[in-house]
1. Step through the residues of region 40-53 one at a time and calculate ³J(HN,Hα) from phi using the Karplus curve (6.51 cos²θ - 1.76 cosθ + 1.60, θ = phi - 60°), rounding each to whole Hz and writing x for Gly and Pro.
2. Say each of Met73 and Arg23 gets a label point 7 Å from the Cα, pointing the same way as Cα to Cβ; how far apart are those two points in nm?
3. Largest first and in whole Å, give the semi-axes of the chain's equivalent ellipsoid, each being the square root of 5 times a Cα gyration tensor eigenvalue.
Amino acid sequence: MSTAAQGIPEDDSLASLEERIRRTVELVKSMRAERDAAVAERDAAFAERDAARSTAGMALTETQRLRQEIEEMRGERKQVRSRIEKLLGQMDLLAGS
């Protein structure tokens, strides 16, 4: 049975089909735009994550360097203290003589 035989003009069926196709095309465009935005957001998040990892790695390296420097300074301080104590002891001997 044709559409003309059913009493529906062919122009209305064609217009309805055209409208459905137009809406489908718009939906596909919208979905592609959303997908592109999601991909861009994901890429930005990956870049941010990588930058944070790099910063954390540099901070860890700097922390280790500073700890080593502190230990070296503590050793130097002990040496200086020992030398000063020896000098004070010698001064006490001179003052007591």
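Quick note: the coordinates plus some simple rules give every number you see, no bench work behind them. The structure presented is a predicted model; accordingly, all values stated were derived computationally and were not measured. Counting neighbours? That spans all protein chains shown, and the Cβs are built from the backbone with ideal geometry, glycine included.
1. So the J values, rounded to whole Hz, are 5, 5, 4, 4, 5, 5, 5, 5, 5, 4, 5, 5, 5, 5.
2. 7.3 nm
3. Equivalent ellipsoid of the chain: 91, 7, 6 Å, largest first.
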